[in-house]
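Student: Please find one structure pasted underneath; my questions will follow.
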Amino acid sequence: MREMSVAEQRYRAVLAVISDGRTVTEVAAAIGVSRQSLHAWLGRYEADGLEGLADRSHRPRQCPHQMPAVLEAAVLEARRQHPSWGPRRIAFEISKRHRPLAVSESAVYRCLRRAG
């Protein structure tokens with residue numbers, strides 16, 4: 001006997017609610033998940049079909065505090081033009097040139113470390 005995939009288990013739980021008319025509470029208790037999880041599966045199945053029940057990545061889609069690409073390019077360009085400048089001077093010069101966008105010394109340092 002083969003093991004069921006996660007998507008198959010979720011599909012059976014969704015079908016138990018939709019087709020068999022069992023309650024969400026009853027099905028959730030039977031398979032050992034929370035009601036909220038089963039409601040999420042029902043919503044994903046309704047929106048995306050069987051593909052919606054597959055495992056999803058937990059990786060964030062975006063990083064709100066990440067330095068904009070324009071600033072990162074400006075930091076790296078300033079370092080190329082002035083190799084002796086450190087994070088403090090680069091942050092000062094960048095903030096002076098790109099007036100509405102300020103950048104911290106630590107952000108410049110991390111940018112330089114990432115770039116090697």
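No lab work stands behind these numbers, since they all come straight from the coordinates. Since the model is a prediction, treat every value here as computed from it, not as a measurement. So basically every Cβ, Gly included, is an ideal-geometry build from the backbone, and we count neighbours across all protein chains shown.
Student: When the Cα atoms of the range 6-53 are enclosed in a convex hull and the volume is divided per residue, what value in Å³ results?
Tutor: Per residue, the Cα convex hull of the range 6-53 comes to 58 Å³.
Student: Let a ≥ b ≥ c be the square roots of the eigenvalues of the Cα gyration tensor of the range 69-115; is it rounded (a/c under 1.5), or, if not, prolate (a/b larger than b/c) or oblate?
Tutor: The shape class here is rounded.
Student: Another one. Please get the size of the charge dipole for the range 69-115, origin at its Cα centre, with Cβ charges of +1 on Lys and Arg and -1 on Asp and Glu, quoted in debye to the nearest 20.
Tutor: Using Cβ point charges on Lys, Arg, Asp and Glu, the range 69-115 gives about 60 debye.
Student: If you filter the range 15-77 for GluC sites (Glu not before Pro), then keep DSSP loop positions with at most 13 other Cβ within 10 Å, what is left?
Tutor: Passing both the DSSP loop test and the Cβ count: no residue.
Student: What dipole magnitude, in Debye to the nearest 20, does the chain give about its Cα centre under +1 on Lys/Arg Cβ and -1 on Asp/Glu Cβ?
Tutor: 900
Student: Here's something else I'd like to know. Quick one: what does P(r) look like for the chain with 10 Å bins over all Cα pairs, in whole %?
Tutor: 12, 29, 12, 8, 17, 17, 5, 0
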